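Student: Attaching a single structure in structure tokens format; questions to follow.
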Amino acid sequence: MDHPVERRVPLDAYAVQVRHQSIKSRRLRFLTALALVPCLAGCFVSPGGESSSEGGSSGPRLRVALAFPPAENFSPYGADATLLSRLGVTEGLTALDANGAAAPALARSWRREDDRTWRFTLREATFQDGTDVTPAAVASALTHATKARPAPTALAGVTLSAEPDGDNGVRVTTAAPDPVLPMRLAGPSLAILSPKAYGKKGKRPGAPTPVGTATGPFEITKVNGGGSATLDRYDDYWGGLAHASGIDARFVKDGTARANAVRTGDVDMAEAIPVAQAATLDKATLEEAGTTRTTSLQLNTRTGPFKDPELRAAARSAIDSSALVKGVFEGYADPGAGIFGPAVTWAESKRVKPTGRAKAARPEGASITLTTYDNRPELPEVAQVVQQQLQKAGFTVKLEVREYSRLEGDALAGKFDAFIGARNSLLDTGDPVGVLGSDYTCDGGYNLARLCDKKVDRAVAEAVGTDGTGERQDAAMAAEAAILGTDAVVPLAHQRIIAGVSTEVRGVLLDPYERALVGTGTRR
């Protein structure tokens with residue numbers, strides 16, 4: 001929208017203290033936390049990332065600059081879901097560890113009962129409104145997610161139901177076998193919120209609110225439109241007290257402004273530092289990490305000139321991604337190889353060459369509208385280079401740049417002929433098949449190319465039903481080849497993330513899935 005150094009940290013009595021429980025209850029939680037230490041591997045804790053372990057006063061508040069303002073009033077069902085997880089507000093039943101495998105979160109363990117049924121055992125935890133995380137509350141939260149429209153991207157192509165099972169269990173059943181369900185439930189859009197989030201009797205009109213209803217180490221206490229938000233530490237967090245007493249988050253879409261804020265000390269950390277600004281920061285405040293994010297050109301296959309596959313082929317042939325990597329990303333990226341880039345370490349050895357591509361036609365001045373957003377400052381520069389390359393090939397190109405929250409709805413509605421965006425290919429589920437289903441199938445909830453191709457749908461459906469890690473990877477790459485064969489998407493570059501971090505800050509979480517930024521051990 002990054003490679004972590006993983007550190008497993010033991011919790012102690014201070015780390016599990018709670019405000020409103022008896023000494024006996026505190027001891028119980030302490031013992032439970034010690035027994036579940038391995039779950040922290042899913043949190044991408046970096047050096048010094050342990051939770052607070054001294055009985056002293058709270059640490060200073062953290063000042064954080066984020067690139068994207070909330071686009072949907074902090075709804076967990078859309079693009080805002082990752083804002084919530086990066087700020088340590090929301091959690092799911094599971095998390096992803098450094099290798100992309102499912103790790104415990106609100107569920108301390110799980111087992112597969114049959115092809116379509118899984119049972120998740122919950123840990124002792126509370127919501128930020130003081131109520132307990134119960135099987136009924138969890139089942140209700142998952143049920144609400146299944147009814148959201150458009151469907152959360154983590155549920156693309158999947159039908160599931162959830163029901164309480166005993167005092168500490170939730171049984172999740174899928175309509176078809178889903179071998180990666182534990183990974184899917186780690187998606188930020190499937191965060192577990194308290195019943196209060198959904199309004200009276202769970203029937204709040206529209207999306208639920210995560211304000212004071214989530215389970216993470218930080219609680220949203222104030223939102224100032226799309227400009228800033230105030231978060232306080234949630235002292236009853238099951239994973240231990242956070243070092244920082246709170247977070248003052250600012251949403252700063254201008255990349256130069258984010259870099260300047262780090263340089264002047266106005267913020268402690270800023271995400272998505274522009275490549276052009278990297279050289280202006282002190283090297284000690286610059287952190288770079290690999291990411292599974294790919295910048296791509298999405299072509300509208302349903303209406304306009306790119307409904308013609310031959311013109312899509314012409315656009316693909318016109319693109320020189322190496323020029324983008326050298327000229328725009330200044331080496332902080334790799335040329336576009338596919339939907340999955342080099343950070344997905346197994347992809348290149350399994351990549352399948354696309355077949356059945358249409359022959360490129362002469363554009364003959366075909367007029368197209370190309371759009372992108374400026375929250376990621378490289379994208380307008382990428383768009384300008386792509387505009388020039390397409391014009392050289394014979395297209396007439398109008399370029400439009402907006403802020404992302406004012407662009408997404410029109411892009412999904414197909415109001416543009418071409419869209420340039422940066423997408424983390426493993427963000428939604430950690431499963432390579434997930435992004436293919438959400439972005440490129442007829443029923444995909446984030447199908448910017450508006451692609452509806454029977455061959456693609458069959459390939460993705462086959463991958464969805466494939467069990468076994470290696471076999472599923474093979475099926476995903478076959479589906480990638482089918483998608484690339486339509487020329488609905490042209491991979492441009494595989495990005496690396498650059499963050500500006502004060503030398504006084506420790507424990508910033510940079511992970512390849514871009515789900516984490518601030519955790520219990522982040523402090524200054």
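Student: Once Lys and Arg get +1 and Asp and Glu get -1 on their Cβ, which of GLY226, ALA186, PRO164 lies farthest toward the positive end of the dipole of the range 134-228?
Tutor: GLY226
Student: Follow-up. Using each residue's phi in the range 397-402, evaluate 6.51 cos²θ - 1.76 cosθ + 1.60 at θ = phi - 60° and report the 3J(HN,Hα) Karplus result to the nearest Hz, with x for Gly and Pro.
Tutor: 10, 9, 9, 10, 10, 9
Student: If you take the square roots of the eigenvalues of the alpha-carbon gyration tensor of the range 126-277 and sort them as a ≥ b ≥ c, do you get rounded (a/c under 1.5), prolate (a/b over b/c) or oblate?
Tutor: prolate
Student: What length, rounded to one decimal in nm, is gained on full extension from ASP443 through to ARG302, with 0.36 nm per residue of separation minus their alpha-carbon distance?
Tutor: 49.4 nm
Student: Another one. Please state the shape class of the range 239-293: rounded when a/c is under 1.5, otherwise prolate if a/b exceeds b/c and oblate if not, all from the C-alpha gyration tensor.
Tutor: Prolate, since a/c reaches 1.5 and a/b exceeds b/c.
Student: While we're looking at this one, here's another question. What relative contact order, as a whole-number percentage, does the range 403-523 give when Cα pairs under 8 Å and 6 or more residues apart are counted?
Tutor: Relative contact order, the range 403-523: 18 percent.
Student: Using r as the Cβ-Cβ distance of LYS222 and THR355, and R0 as 51 Å, what FRET efficiency do you calculate, to the nearest 0.05?
Tutor: With a Förster radius of 51 Å, E is 0.40.
Student: Tell me the label-point distance for the pair ASP474, THR256, using the 7 Å Cα-to-Cβ offset, in nm and rounded to one decimal.
Tutor: 5.2 nm
Student: Considering only the other residues whose Cβ falls under 15 Å of the Cβ of ARG458, what net charge follows from Lys and Arg at +1 and Asp and Glu at -1?
Tutor: Neighbour charge sum, excluding ARG458 itself: -3.
Student: Tell me, what are the semi-axes, in whole angstrom and largest first, of the equivalent ellipsoid of the range 143-223 as set by the roots of 5 times the Cα gyration tensor eigenvalues?
Tutor: Value: 23, 15, 14 Å, ordered largest first.
Student: Also, quick follow-up: Per residue of the range 461-474, in order, report the coupling 6.51 cos²θ - 1.76 cosθ + 1.60 (Karplus, θ = phi - 60°) as ³J(HN,Hα) in whole Hz, putting x for Gly and Pro.
Tutor: 4, 5, 5, 4, x, 8, 9, x, 4, x, 5, 5, 4, 4
Student: Let me ask something additional. Could you give log10 I(q)/I(0) at q = 0.11, 0.19 Å⁻¹ for the range 427-524, computed by the Debye formula over C-alpha point scatterers of equal weight, without solvent?
Tutor: Taken in order of the listed q values, log10 I(q)/I(0) reads -0.46, -0.90.
Student: Sticking with the crude label model, points 7 Å out along Cα→Cβ, report the distance from ALA101 to GLU310 in nm, one decimal please.
Tutor: 5.2 nm
Student: Now, a different point. Please work out the C-alpha center-to-center distance from the range 371-389 to the range 101-169 and express it in whole Å.
Tutor: 39 Å
Student: Now, a different point. Could you tell me, in Å, what Rg and Dmax come out for the Cα atoms of the chain?
Tutor: According to the Cα coordinates of the chain, Rg and Dmax are 22.6, 78 Å.
Student: Suppose we keep just the DSSP beta bridges with both residues in the chain; what percent of those would be antiparallel, to 5? Before the final figure, lay out each step's value.
Tutor: Numbers: 55 of 72 bridges.
Percent antiparallel among DSSP bridges in the chain is about 75.
Student: Also, quick follow-up: Under 15 Å from the Cβ of GLY468, count the other residues' Cβ atoms, weight Lys and Arg +1, Asp and Glu -1, and hand me the total.
Tutor: Working: positive: ARG112, LYS350, ARG472; negative: ASP115, ASP178, ASP431, GLU462, ASP467, GLU471, ASP474.
Value of the local net charge: -4.
Student: Sticking with this structure for a sec: Could you size up the charge dipole of the chain around its Cα centre, putting +1 on the beta carbon of Lys and Arg and -1 on that of Asp and Glu, and report it in debye to the nearest 20?
Tutor: That gives the chain a dipole magnitude of about 640 debye.
Student: Still on this structure, I have one more. Please list 3J(HN,Hα) in residue order for the range 186-193, calculated via the Karplus relation 6.51 cos²θ - 1.76 cosθ + 1.60 where θ = phi - 60°; whole Hz, with x for glycine and proline.
Tutor: Each residue's phi maps through the Karplus curve to give 7, x, x, 6, 10, 4, 8, 10 Hz.
Student: Mind listing the Cα extents of the range 89-204 along all three principal axes, in Å, largest one first?
Tutor: That works out to 35, 31, 29 Å along the principal axes.
Student: Quick one: net charge of GLU381's neighbours, Cβ under 13 Å, K/R +1, D/E -1?
Tutor: Charge balance near GLU381 sits at -1.
Student: Just list whichever of LYS326/LYS454; LYS307/LYS398; LYS196/LYS415; LYS307/LYS350 have alpha carbons separated by over 25 Å in the model shown.
Tutor: Pairs exceeding 25 Å: LYS326/LYS454; LYS196/LYS415; LYS307/LYS350.
Student: Also, I was wondering about something else. Per 0.36 nm of contour for each residue apart, how much would the distance between ASP467 and THR503 grow if the chain were fully extended, relative to their Cα-Cα spacing?
Tutor: Computed gain between ASP467 and THR503 is 8.5 nm.
Student: Let me know the charge dipole size of the range 228-336 about its Cα centre in debye, to the nearest 20, where only the beta-carbon of Lys, Arg (+1) and Asp, Glu (-1) is charged.
Tutor: Working: 12 positive and 16 negative charges, 118 e Å.
Roughly 560 debye, rounded to the nearest 20.
Student: Between ASP282 and ASP114, what's the calculated FRET efficiency when r is the beta-carbon distance and R0 is 45 Å? Round to 0.05.
Tutor: Rounded to the nearest 0.05, the efficiency is 0.20.
Student: Extending each Cα 7 Å along its Cβ direction at GLN391 and ASP132, get the distance between those two points in nm, one decimal.
Tutor: Roughly 6.6 nm, to one decimal.
Student: Any idea of the accessible area per residue across the chain, 1.4 Å probe, to the nearest Å²?
Tutor: 39 Å²
Student: What does the extension gain come out to for GLU364 and THR146, with contour length at 0.36 nm per residue minus their alpha carbon separation? Display every interim value, and only then the final one.
Tutor: On the way: separation 218, 0.36 × 218 = 78.48 nm, distance 4.58 nm.
Full extension from GLU364 to THR146 adds 73.9 nm.
Student: Is any residue of the range 429-448 close enough, with backbone N under 17 Å, to a label point placed 7 angstrom from the Cα of GLU400 along the Cα-Cβ axis, and if so, which?
Tutor: Within reach of a label on GLU400: 448.
Student: Once you sort the root eigenvalues of the Cα gyration tensor of the range 314-358 as a ≥ b ≥ c, which label holds: rounded (a/c under 1.5), prolate (a/b larger than b/c) or oblate (the other case)?
Tutor: Oblate shape, in that a/c is at least 1.5 and b/c is the bigger or equal ratio.
The values are calculated or read from the model by the stated rules, or taken from the named source; none is laboratory data. What you see is a predicted model; the values in this text were computed from it and never measured. Counting neighbours? That spans all protein chains shown, and the Cβs are built from the backbone with ideal geometry, glycine included. The protein model used for the area step is the full one, side chains on, heavy atoms only, and it has no ligands, DNA or RNA in it. Shrake-Rupley method; radii C 1.70, N 1.55, O 1.52, S 1.80 Å.
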